[in-house]
Amino acid sequence: ALAIEWYDRARSEGGDAASALARTGGIKKRTGDPAWSADYLQAIAAYPESAVASELLDALDAAAMPVSDYVRGVVDYRAHGNNESRAALTRAIAAGDNAAEATYYLAALDERAGDYEAAIAGYRRAHDLDPASALADDALWWGGRLLESAGRYVEAGAAYTTLAEAQASSKWAGDAAFRRGLVLYR
């Protein structure tokens, strides 16, 4: 109980939350507390890029605990399990499980594989599915960058304009405004 308290404290004070959740879940699992899976699920959903995410996903699978295909796909994407990620994200889209976000990660997988045309189309589709999605600005940014690299300046400028104007609070908004001017110049 004291260890769990310390891990919870570390999490609340800005420590490595994924590892803290993994540790608390591990303690609960060893002591027979069924709440262990909630800690593991929270860790992989909130921190899919963490070093422990794949291991936690494996433990949940071994215990036959359900994990959403979207979360599974993102964990696999971050771990460079491209084929597994693509399969899980495709199922997530079919099930309506974070479809816009799953589409974004499929586009990122296409980009990673060098299929830039599919990536451009996927980023555009991800944004169009849900312009208010947490990844909509990323979809516009990376789609715009690929369009710019392909010399498709008018389309890149449109993506940057949408990002700079409709997503003004985005971390990419200032860069998008600059790139919009740059592609107009080009």
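The values are calculated or read from the model by the stated rules, or taken from the named source; none is laboratory data. All values derive from a computational prediction rather than experimental measurement. Here the Cβ positions follow ideal geometry from the backbone for every residue, glycine too, while neighbour counts run over all protein chains shown. Ligands, DNA and RNA are excluded from the accessible area calculation, which covers all protein heavy atoms including side chains. Shrake-Rupley method; radii C 1.70, N 1.55, O 1.52, S 1.80 Å.
How much net charge surrounds Ala3 when only the other residues with a Cβ under 12 Å from the Cβ of Ala3 are counted, with Lys and Arg +1 and Asp and Glu -1? Please report the intermediate quantities before stating the final value.
On the way: positive: Arg9, Arg23, Lys28, Arg30; negative: Glu5, Asp8.
Local charge sum for Ala3: +2.
Suppose only helical runs count, i.e. DSSP H with n ≥ 4. What mean residue ellipticity at 222 nm does that imply for the chain under -39500 (n - 2.57) per run, divided by all residues and rounded to the nearest 500 deg cm²/dmol?
After summing the helix terms and dividing by the residues of the chain, the value is -23500 deg cm²/dmol.
Just to check I understand the Karplus step: with θ = phi - 60° and J = 6.51 cos²θ - 1.76 cosθ + 1.60, what whole-Hz values come out for the range 5-11, glycine and proline as x?
Each residue of the range 5-11 in turn: 4, 5, 5, 4, 5, 4, 4 Hz.
With the Cα gyration tensor of the range 1-98 giving a ≥ b ≥ c as the square roots of its eigenvalues, does the rule (a/c under 1.5 for rounded; else a/b larger than b/c for prolate; else oblate) give rounded, prolate or oblate?
Details: a/c = 2.45, a/b = 1.80, b/c = 1.36.
Cα axes put the range 1-98 in the prolate bin.
Kindly state, to the nearest 0.05, the FRET efficiency for Arg91 paired with Ala168, given R0 = 45 Å and r defined as their beta-carbon distance.
Between Arg91 and Ala168 the formula returns 0.85.
Assuming R0 = 45 Å, what is the FRET efficiency of Thr31 and Arg112, from their Cβ-Cβ distance, to the nearest 0.05?
Given R0 = 45 Å and the Cβ-Cβ separation, E is 0.65.
Convert each backbone phi in the range 49-63 into a coupling constant with the Karplus relation 6.51 cos²θ - 1.76 cosθ + 1.60 (shift: θ = phi - 60°), then list the ³J(HN,Hα) values in order as whole Hz, x for Gly and Pro.
After applying 6.51 cos²θ - 1.76 cosθ + 1.60, I find 8, 5, 5, 8, 4, 5, 4, 5, 4, 4, 5, 5, 4, 4, 8 Hz.
For the range 1-90, what % of the accessible area comes from carbon and sulfur atoms, probe 1.4 Å?
After summing per-atom areas, the C and S share lands at 52 percent.
Cβ under 12 Å from Tyr70's Cβ, Tyr70 left aside: what net charge do those residues give with Lys, Arg +1 and Asp, Glu -1?
Values: positive: Arg72, Arg91; negative: Asp69, Asp76, Asp97, Glu101.
Computed value for this residue: -2.
Rolling a 1.4 Å sphere over the protein heavy atoms, what is the accessible area per residue of the chain, to the nearest Å²?
Per-residue value: 52 Å².
Two decimals is fine: what's Rg over Rh for the range 78-140, C-alpha atoms, Kirkwood radius as Rh?
Ratio of gyration radius to Kirkwood radius: 0.94.
Give the angle, between 0 and 90 degrees and rounded to the nearest 10, that separates the Cα long axis of helix 136-149 from the longest principal axis of the Cα atoms of the chain.
50
Give, as a single signed number, the net charge of other residues whose beta carbon lies under 15 Å from the beta carbon of Ser37, with Lys and Arg counted +1 and Asp and Glu -1.
0
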